[in-house]
Each structure stands twice: as structure tokens, then as C-alpha cells.
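As C-alpha cells, the structure follows; a few thoughts come after it.
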Amino acid sequence: QVQLVESGGGLVQPGGSLRLSCVLSGSIFSISTMGWYRQAPGKERELVAAITSGDSTNYADSVKGRFTISRDNAKNTVYLQMNSLKPDDTAVYYCNADWWGTNYWGKGTLVTVSS
């Protein structure tokens with residue numbers, strides 16, 4: 001059974017940094033596209049960043065130059081380094097694994113950017 005567990009969320013001041021981690025239990029990690037999504041109150045869930053099994057990445061325009069997604073296949077872990085955080089980045093961040101069109105989701109971790 002595939003499970004995704006996120007960690008690293010919390011409260012941070014504007015301009016600060018956080019690193020989110022997501023561990024996937026199961027054998028599909030290395031062949032999956034991994035992604036981070038977020039959902040702010042009253043808004044739809046949106047893609048933040050994704051990384052393929054070949055390490056190709058794509059980012060939402062709103063986070064380009066500030067966020068970096070990476071993966072460690074040996075640890076079945078995907079990371080999201082978030083720098084220069086803004087109040088608009090406040091949301092629940094969800095980890096996603098896309099395995100040949102089958103999607104798995106974590107339960108999310110809350111990121112709050114506020115002074």
C-alpha cells in the first residue's frame with residue numbers, strides 16, 4: 001500500500017524559509033512523478049512544483065525563483081525548499097505521487113506565512 005507523509009510545515013515570517021519533506025512508503029517512488037500542491041482557504045488546490053523520475057522539474061509561475069523541488073530516490077523522499085516566503089504562500093501543502101496516471105496523496109502540512 002502506498003502512503004505519503006509530509007513534514008516540515010509551520011509558522012514563518014515573511015521573507016523566511018521552510019523545507020518540506022515527503023516520504024513515500026512503497027516501491028513506486030523512483031518511477032513516479034512527484035509533486036507538491038497547495039490549497040489556500042477558499043481556493044482550489046493548485047500545482048506548486050513537480051519533478052519527474054528523470055529529474056525534470058516544473059514550477060508554478062508564482063513560485064519560480066523562490067522554491068526548489070528535489071528528490072532522493074534512495075530515501076523515497078521529495079523535498080520542497082521554500083525561500084522568500086510571502087503571506088500568499090500560506091496554504092496546506094500536499095505531496096502527490098503520479099504513478100502511470102494513478103495518483104496518491106498525503107494528508108498535507110500547513111504552512112503559515114505571517115508576521
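Just checking, which of Asp61, Asp72, Asp55 is touching a strand residue (DSSP E or B) at 6+ places or on another chain (Cβ under 9 Å), of a type in the set (D, E, K, R) and open to solvent by 60 Å² or more (accessible area, probe 1.4 Å)?
The unique qualifying residue is Asp55.
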Item to check | When residues of the range 81-115 are limited to those that are of a type in the set (Gly, Ala, Ser) and in contact with a strand residue (DSSP E or B) (Cβ under 7 Å, 6 or more places away or on another chain), the one nearest to Gln39 (Cα to Cα) | outcome: Ala91
Checklist outcome for this item: Of the residues in the range 60-90, those that are within 11 Å of the chain's Cα centre (by Cα) and over 18 Å from Val23 (Cα atoms) number 1
Checklist entry - When you go through (1) more than 10 Å from the chain's Cα centre (by Cα); (2) closer than 17 Å to Val111 by Cα one by one for Ser21, which number turns out not to apply? => result (1)
Checklist outcome for this item: Residues of the range 8-52 being exposed (fewer than 14 other Cβ atoms within 10 Å of the Cβ), farther than 12 Å from Ala97 by Cβ and among the polar types (S, T, N, Q), in sequence order, are Gln13, Ser17
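The values are calculated or read from the model by the stated rules, or taken from the named source; none is laboratory data. Because the structure is predicted, anything quoted here is derived from the model rather than measured. Positions of Cβ are generated from backbone atoms using ideal geometry, with glycine treated the same way; all protein chains shown enter the neighbour counts. With ligands, DNA and RNA removed, areas are computed over all heavy atoms of the protein, side chains included. Shrake-Rupley method; radii C 1.70, N 1.55, O 1.52, S 1.80 Å.
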